[in-house]
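The structure appears below as structure tokens.
The values are calculated or read from the model by the stated rules, or taken from the named source; none is laboratory data. What you see is a predicted model; the values in this text were computed from it and never measured. We place every Cβ from the backbone using ideal geometry, glycine too, and count neighbours over all the protein chains shown. Heavy atoms of the whole protein, side chains included, go into the accessibility calculation; ligands, DNA and RNA do not. Shrake-Rupley method; radii C 1.70, N 1.55, O 1.52, S 1.80 Å.
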Amino acid sequence: MAGHEHHHHHFSLCFCDLMRLMWSLVMPCVYLTLFLTLLMTLVLLGLRLWLQGRRKSRRAQDGGPAVAFFHPYCNAGGGGERVLWCSLRALMNRYPSVSFVVYTGDQGVTGEQILEGARQRFNITLPRSVTFIFLRHRVLVEATSYPHFTLLGQSTGSMFLGWEALIAFVPDLFVDSMGYAFTLPIFRYLGGCRVASYVHYPTVSTDMLSVVRERNPRFNNSDFISRNPILSALKVVYYCCFALLYGLAGSCSDVIMVNSTWTMGHILALWRSPSRTSIVYPPCDVRAFLDVALEEDKDEEDEMEEGWEELGRELGSGEEEESEEDREGDGKGHSIVSVGQFRPEKDHQLQVRAFKKLLDRKGNGPWGRESLRLVLIGGCRNQEDEERVLMLRGLCQELGISDQVEFKLNIPFEELKRELVNATIGLHTMWNEHFGIGVVECMAAGTIVLAHKSGGPKLDIVVPHQGGQTGFLADSEDSYAAAMETILTLSPSARLEIRRNARESVARFSDQEFEVCFLAATEPLMNKLVP
């Protein structure tokens, strides 16, 4: 009994010694944490006061407020860049006393060259000058810099790039026009700026989570991960944690503009700021295409020629053969055009493979496969995009269709317009495309659209107009090939009706509509800058 009490007493002493040891270790850690927290708070307050002082001195020198757009790839030729230039044009016309700045990571070009590129590609000329701040560390947001944990790496890199932009120029209003949400808290809490954002595509979405959960290999889910259930589960956890951080960063925005119904659904779920969120459809240069006639008379002439050919066949076989020979000699082919940057999510491989299946369905001869050609039009942002084009050229050679597939890179607007006007089909294959400016441009140009059955094209663009069909949707190689064949076999009058419906429906995506909606969304912030 005595031995048991002695053992219990010895255990109590050991436990007390252990608690004293833990306490002696924990308390210094607590004090150190409090000290570091206080030091960090003082540093952040000091940085905020320093940056606000720089903004006040800048305003005293310039005599007015400044609005800055964060767009590291402003010299690219995509739809996001068109939003940037139209936003600047609208604000410049409305607020003449405000100066404007663009943070860009483009190197080796001047501001004048960037503006000239915008004029050539988008037919947009700004009414007055804009200041460019050239950032030196755009590599921090390049996907190639982060072979693993790409989303987290790019988002962290955007914070450092945002800090470089902030110390270079402190604006009164910061607008993220490219989707780098993690820059918003830096400009709001350190720079003391009002912040707004235009979201083209959520950095993470529930669709991405579903792709990983279902272990479905796509451009954002490699085969190596999709085949491994443990890695897939870890990636789901990673995406969930990242989505939480992304939502916290995005909720810092005073005004949130999204480009489509699909994007709005995801942003509302992640950023949880419905009162500050609105849809502002991106500006599509539909006016530049509306002056092109839909060639109604030509279609009617084609139908009349078909009628004369039927009469010739009834009168005699010799005349029929002569008519077909004449027709073969003058046969006109069909152009299938794709417009979009050469990024992996655009899925140009699907376009090439579907086109190959279409050719396999068609016979030889001028009205068969030899009359068809696929034209891939788009911009290349970097070497990675250029390598992707080389890979696509190799795929065309592998499939034996390189002589019927044409690549047109970074072409001027007039050439783009000419290709769209002359095309029969406008092709789009991106899964869950956030909006689809290229789809709208095809419809405005009078091209029959064949888009992916998801995202913006499905919910906002290729929808019935006054009960009439405006285009076609597909989601696989076979369905794309079948839809293209259906379009090509439609009568001229049936195609003309679809083209008319499509052109009438795109008026809601014009530059004018965008400017009205964009100015209405940003007016609460601008009124605080310009009383």
Evaluate the following for Gln113: is it surrounded by 15 or more Cβ atoms within 10 Å (Cβ to Cβ) and either assigned to a helix (DSSP H, G or I) or of a type in the set (Val, Ile, Thr) (or both)?
no
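May I ask you to verify whether Leu44 is in contact with a Phe, Trp or Tyr (Cβ under 8 Å, 6 or more places away or on another chain) and either assigned to a helix (DSSP H, G or I) or β-branched (Val, Ile, Thr) (or both)?
Numbers: in contact with a Phe, Trp or Tyr (Cβ under 8 Å, 6 or more places away or on another chain): yes; either assigned to a helix (DSSP H, G or I) or β-branched (Val, Ile, Thr) (or both): yes.
Criteria met by Leu44.
Taking segment 106-142, which residues are of a type in the set (A, V, I, L, M, F, W, C) and free of Cβ contacts under 8 Å to residues at least 24 places away in the same chain? Please lay out each step first, then the result.
Initial filter on segment 106-142 (of a type in the set (A, V, I, L, M, F, W, C)): 109, 114-115, 118, 122, 124, 126, 130, 132-135, 139-141.
Within segment 106-142, Leu115, Val139, Leu140 qualify.
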Across segment 167-186, what is the total count of residues that are of a type in the set (A, V, I, L, M, F, W, C) and part of a loop (DSSP other than H, G, I, E, B)?
3
Does Asn527 count as more than 25 Å from the chain's Cα centre (by Cα), open to solvent by 10 Å² or more (accessible area, probe 1.4 Å) and free of Cβ contacts under 8 Å to residues at least 24 places away in the same chain?
yes
Of all residues in segment 85-105 being without any contact (Cβ under 8 Å) to a residue 40 or more places away in the chain and part of a strand (DSSP E or B), the one that is most open to solvent (accessible area, probe 1.4 Å):
Ser99
When the residues of segment 223-255 are filtered to those that are exposed (fewer than 13 other Cβ atoms within 10 Å of the Cβ) and not charged (D, E, K, R), which remaining residue is modelled with the lowest pLDDT?
Phe224
In this structure, does Asp460 turn out to be touching a residue at least 60 places away in the same chain (Cβ under 8 Å), assigned to a helix (DSSP H, G or I) and more than 15 Å from Ile487 (Cβ to Cβ)?
yes
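Would you confirm, using the coordinates I've provided, whether Val258 is at pLDDT 80 or above and open to solvent by less than 30 Å² (accessible area, probe 1.4 Å)? Can you show your working first?
Values: at pLDDT 80 or above: yes; open to solvent by less than 30 Å² (accessible area, probe 1.4 Å): yes.
For Val258, the condition - at pLDDT 80 or above and open to solvent by less than 30 Å² (accessible area, probe 1.4 Å) - is met.
Filtering segment 431-449 down to residues that are of a type in the set (A, V, I, L, M) and out of contact with any strand residue (DSSP E or B) (no Cβ under 6 Å at 6 or more places or on another chain), which residue is nearest to Arg343 (Cα to Cα)? Working first, answer last.
We begin by selecting, within segment 431-449, every residue of a type in the set (A, V, I, L, M); these are 437, 439-440, 443-445, 448-449.
Remaining after also requiring out of contact with any strand residue (DSSP E or B) (no Cβ under 6 Å at 6 or more places or on another chain): 437, 440, 444-445.
Details: Ile437: 15, Val440: 19, Ala444: 24, Ala445: 24 Å.
Looking at residues that are of a type in the set (A, V, I, L, M) and out of contact with any strand residue (DSSP E or B) (no Cβ under 6 Å at 6 or more places or on another chain), I get Ile437.
Residue under question is Leu270, and the condition is that it be touching a Pro at 6+ places or on another chain (Cβ under 9 Å) and of a type outside the set (Asp, Glu); does it hold?
Numbers: touching a Pro at 6+ places or on another chain (Cβ under 9 Å): yes; of a type outside the set (Asp, Glu): yes.
It is true that Leu270 is touching a Pro at 6+ places or on another chain (Cβ under 9 Å) and of a type outside the set (Asp, Glu).
Would you pick out the residues in segment 272-284 that are open to solvent by 10 Å² or more (accessible area, probe 1.4 Å) and either over 26 Å from Phe174 (Cβ atoms) or not β-branched (Val, Ile, Thr) (or both)? Please lay out each step first, then the result.
Filtering segment 272-284 for residues open to solvent by 10 Å² or more (accessible area, probe 1.4 Å) gives 272, 274-279, 281.
Listed by number, the residues that qualify are Arg272, Pro274, Ser275, Arg276, Ser278, Tyr281.
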Return the pair list, or none, for Cβ contacts closer than 8 Å from residues in segment 273-285 that are closer than 23 Å to Gly79 by Cα to residues that are open to solvent by 40 Å² or more (accessible area, probe 1.4 Å) and polar (S, T, N, Q), at least 6 apart or on different chains.
Ile279/Thr261; Asp285/Asn123
Could you tell me whether any residue of segment 51-61 is aliphatic (A, V, I, L, M) and over 24 Å from Asn259 (Cβ atoms)?
yes
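Test Gly108 against the criterion of being assigned to a loop (DSSP other than H, G, I, E, B) and in contact with a Leu (Cβ under 8 Å, 6 or more places away or on another chain), and give yes or no. Explain how you work it out, then say what you get.
Values: assigned to a loop (DSSP other than H, G, I, E, B): yes; in contact with a Leu (Cβ under 8 Å, 6 or more places away or on another chain): no.
Taking the combined requirement at face value, the residue does not satisfy it.
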Would you be able to tell me the number of residues in segment 461-491 that are out of contact with any strand residue (DSSP E or B) (no Cβ under 9 Å at 6 or more places or on another chain) and surrounded by 16 or more Cβ atoms within 10 Å (Cβ to Cβ)?
2
Those residues of segment 367-391 which are under 21 Å from the mean Cα position of the chain (by Cα) and not in a strand (DSSP E or B) amount to Gly379, Cys380, Arg381, Asn382, Gln383, Glu384, Asp385, Glu386, Glu387, Arg388, Val389
Mind checking which residues of segment 403-430 are touching a Phe, Trp or Tyr at 6+ places or on another chain (Cβ under 9 Å) and assigned to a loop (DSSP other than H, G, I, E, B)?
Thr429
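Based on what the data block shows, is Gly378 of a type outside the set (S, T, N, Q), modelled with pLDDT under 95 and open to solvent by less than 30 Å² (accessible area, probe 1.4 Å)?
yes
Which residues, taken from segment 146-166, are touching a residue at least 60 places away in the same chain (Cβ under 8 Å), open to solvent by 60 Å² or more (accessible area, probe 1.4 Å) and either touching a Ser or Thr at 6+ places or on another chain (Cβ under 6 Å) or in a helix (DSSP H, G or I) (or both)? Can you show your working first?
If we filter segment 146-166 for residues that are touching a residue at least 60 places away in the same chain (Cβ under 8 Å), which is where we start, we get 149, 151-152, 155, 161-162, 165-166.
Restricting the remaining residues to those that are open to solvent by 60 Å² or more (accessible area, probe 1.4 Å) gives 149, 152.
Hit for segment 146-166 is Leu152, nothing else.
In segment 142-182, what residues are polar (S, T, N, Q) and over 21 Å from Pro524 (Cβ atoms)?
First, the residues of segment 142-182 that are polar (S, T, N, Q): 144-145, 150, 154-156, 158, 177.
Of everything in segment 142-182, those that are polar (S, T, N, Q) and over 21 Å from Pro524 (Cβ atoms) turn out to be Thr144, Ser145, Thr150, Gln154, Ser155, Thr156, Ser158.
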For Leu184: the one exception among (1) over 23 Å from the mean Cα position of the chain (by Cα); (2) within 17 Å of Leu44 (Cβ to Cβ):
(1)
If you go through segment 399-422 one residue at a time, how many are among the aliphatic types (A, V, I, L, M), open to solvent by less than 50 Å² (accessible area, probe 1.4 Å) and within 21 Å of Gln120 (Cα to Cα)?
4
